[in-house]
Amino acid sequence: MIIFLRLISIVLLCVIGYFCYTIKQPQVIVLAFSGFIAGILFVLSYVLDIARKLKAYKRELEKNSISSDESDSKVKVLESKIEVLEKALKNAIENK
């Protein structure tokens, strides 16, 4: 869609330029208006591109956050298992 908006803005400028060239009269208002619209479309394409990249970046951050949370929980589980095993070993040594 972004490339489509950029192409539309370029085609719009070319069509208006050709129209003004064939009439041989400077159509300042039409040219200014078409330039304004083409500029809006061109800038809109960049804004949409940045918004898409931002959304992808947020998803990546969220994915990394979930991964780190899972890692933290795995570490806690392993630590608790180690504590249980240490207590079991101490009890086994004391009972001998």
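In segment 46-56, what count of residues is obtained for those that are open to solvent by less than 100 Å² (accessible area, probe 1.4 Å) and of a type in the set (Val, Ile, Thr)? Qualifying residue count, segment 46-56: 1.
Being closer than 23 Å to Leu7 by Cβ, of a type in the set (D, E, K, R) and surrounded by 10 or more Cβ atoms within 10 Å (Cβ to Cβ) is a condition met by no residue of segment 57-73.
The values are calculated or read from the model by the stated rules, or taken from the named source; none is laboratory data. These numbers come from a predicted model, not from an experiment. Reconstructed Cβ throughout: ideal geometry from the backbone, glycine too, with neighbour counts over all protein chains shown. Each accessible area value is taken on the protein alone, full model and side chains, heavy atoms only, with ligands, DNA and RNA left out. Shrake-Rupley method; radii C 1.70, N 1.55, O 1.52, S 1.80 Å.
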